[in-house]
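Asks: The structure under discussion is supplied below as structure tokens; questions concerning it will follow.
The values are calculated or read from the model by the stated rules, or taken from the named source; none is laboratory data. Nothing here was measured: the structure is a model prediction, and the numbers come from that model. Positions of Cβ are generated from backbone atoms using ideal geometry, with glycine treated the same way; all protein chains shown enter the neighbour counts.
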Amino acid sequence: MQFKIYFPIIIFAVFFSATMHSQNSKRQQLEARRTQIQKDIVYINALLSNTKRKESNLLSDVKDLKHKIKVREELISVITSESKELNNEIYVNQLEINKNKRDLETLKKDYANMIFKSYQSKSQNSRIMFLLSSENFFQAYKRFQYMKQYTSFRKMQGEEIQEKTTKLQALTDSLKIKKDQKTALLNEKKKEQTVIEKERKEQENLLSQVKEKEGNYKRQIQKFQKEEERIDAQIERLIREAIAASNKKVDGTSTKTTAGTSSKATFTLTAEAKELASKFTSNKGSLPWPVEKGYVSTYYGKQPHPIVSSATIQSNGVRITTEAGSKARAVFEGTVLAIQVMSGNQKAVLIQHGNYITVYKNLENVYVSTGDKVSTKQEIGTIFTDRITGKTILGFILSKNTDTENPASWIYKM
């Protein structure tokens, strides 16, 4: 009978504990994400405030503003989710407080009744008479044990009341903290929404300026796209030549191919190269960023231009905006396959990892030479900073043989 009474209480306690643990874990993840986004916003604001505001940089300014708004929107989304989790915690916390209050009232009532009955029969004589009136020694012993248990139970009940009181106070304090946290989150959300409204108005103003000269900007984008295609074609040619040379060494044959042809060119791997390629593949999704700090300002693949929607861009890799003086880093161990000099004397470094190639474009100077062995996160060059825009942008490509792949699938949290 006693088991039936306490079984629902035990089930509720286990459920409550599991629910609270799950909610706390999820909210901790959201809190960590919110903290990281706040750091990202500070970094991006500091990074973009150093760029020079000129008409020639208008497209870049609009793009930067769009990225800032996107990050703030993500922050607001995380704050909203965190607030919901707090609401759930507050609700469950309040249920537990209500339950503890009822339990405490019941305990106090039972304890008061027990004390009253104990007071009625508290005289030492009545206790002695209770023992002496026993019919035999065994009954006297049983009565003595009962008296001991009664005293012990009364003490235990008093301790339980104290414990419940302490727990109730702790829950009440926790509830206040959670409500304060919720208020702080709502204030932060309101602040971010105000900033976003201001940035959106600024964005609309800049977009109207872009609209007035959309034809000019579209031609600029097309010119930039053609230059990127020319550089990527050079890089593909270098990879094809490297494949042909490598295969000739391994098995004495070579496939004569040129950039722009549809024929596939693949590395014939030695045992050592196969092992390196396998290690590279096993690290898919966890490779380090090719810069210490930065954010992706252009993503992989064919896409409409983020500002001039009538223009289309094709990106064989990603473009990462970082701070002036930043260094490009190898994302994995490998061998420097080639160093390509581009227009404006900027350079691209190609690093081979078995049959995988990583390319680091737009370097002002490089610290490695063709044939050098490099290690993961080794600095390979300084990224070029545009003197007009003030932007420091690394172009990063990842390919398997001559086929490019989306770096976001390989780099950790890109």
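Table: residues versus (1) of a type outside the set (A, V, I, L, M, F, W, C); (2) within 26 Å of Glu241 (Cβ to Cβ); (3) outside any loop (DSSP other than H, G, I, E, B).
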| residue | (1), (2), (3) |
| --- | --- |
| Val331 | no, yes, no |
| Val349 | no, yes, yes |
| Gly381 | yes, yes, yes |
| Gly390 | yes, no, no |
| Leu394 | no, yes, yes |
| Leu398 | no, yes, yes |
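Asks: For segment 178-219, which positions are farther than 30 Å from Val92 by Cβ, free of Cβ contacts under 8 Å to residues at least 12 places away in the same chain and assigned to a helix (DSSP H, G or I)?
Replies: Scanning segment 178-219 gives Thr194, Glu197, Lys198, Lys201, Glu204, Asn205, Ser208, Lys211, Glu212, Gly215, Asn216, Arg219.
Asks: Right, something else. Just to be sure I understand, how many residues within segment 345-354 are in contact with a strand residue (DSSP E or B) (Cβ under 6 Å, 6 or more places away or on another chain) and within 18 Å of Glu272 (Cβ to Cβ)?
Replies: 3
Asks: Kindly provide the set of residues from segment 164-177 that are in contact (Cβ under 8 Å) with a residue 60 or more places away in the chain and within 15 Å of Asp103 (Cβ to Cβ), ordered by number.
Replies: Listed by number, the residues that qualify are Lys164, Thr165, Lys167, Leu168, Leu171, Thr172.
Asks: Name the residue that is surrounded by the fewest Cβ atoms within 10 Å (Cβ to Cβ), counting only residues in segment 324-377 that are basic (Lys, Arg) and closer than 20 Å to Lys293 by Cα.
Replies: If we take residues in segment 324-377 being basic (Lys, Arg) and closer than 20 Å to Lys293 by Cα, then Lys377 is surrounded by the fewest Cβ atoms within 10 Å (Cβ to Cβ).
Asks: For segment 156-173, what are the residues that are among the charged types (D, E, K, R) and modelled with pLDDT of 85 or more?
Replies: Asp173
Per-residue answers, yes or no, for (1) at pLDDT below 65; (2) in contact with a His (Cβ under 6 Å, 6 or more places away or on another chain); (3) assigned to a helix (DSSP H, G or I):
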{"site": "Val92", "(1), (2), (3)": "no, no, yes"}
{"site": "Leu95", "(1), (2), (3)": "no, no, yes"}
{"site": "Asn100", "(1), (2), (3)": "no, no, yes"}
{"site": "Leu104", "(1), (2), (3)": "no, no, yes"}
{"site": "Phe116", "(1), (2), (3)": "yes, no, yes"}
{"site": "Glu135", "(1), (2), (3)": "no, no, no"}
{"site": "Gln139", "(1), (2), (3)": "no, no, yes"}
{"site": "Lys142", "(1), (2), (3)": "no, no, yes"}
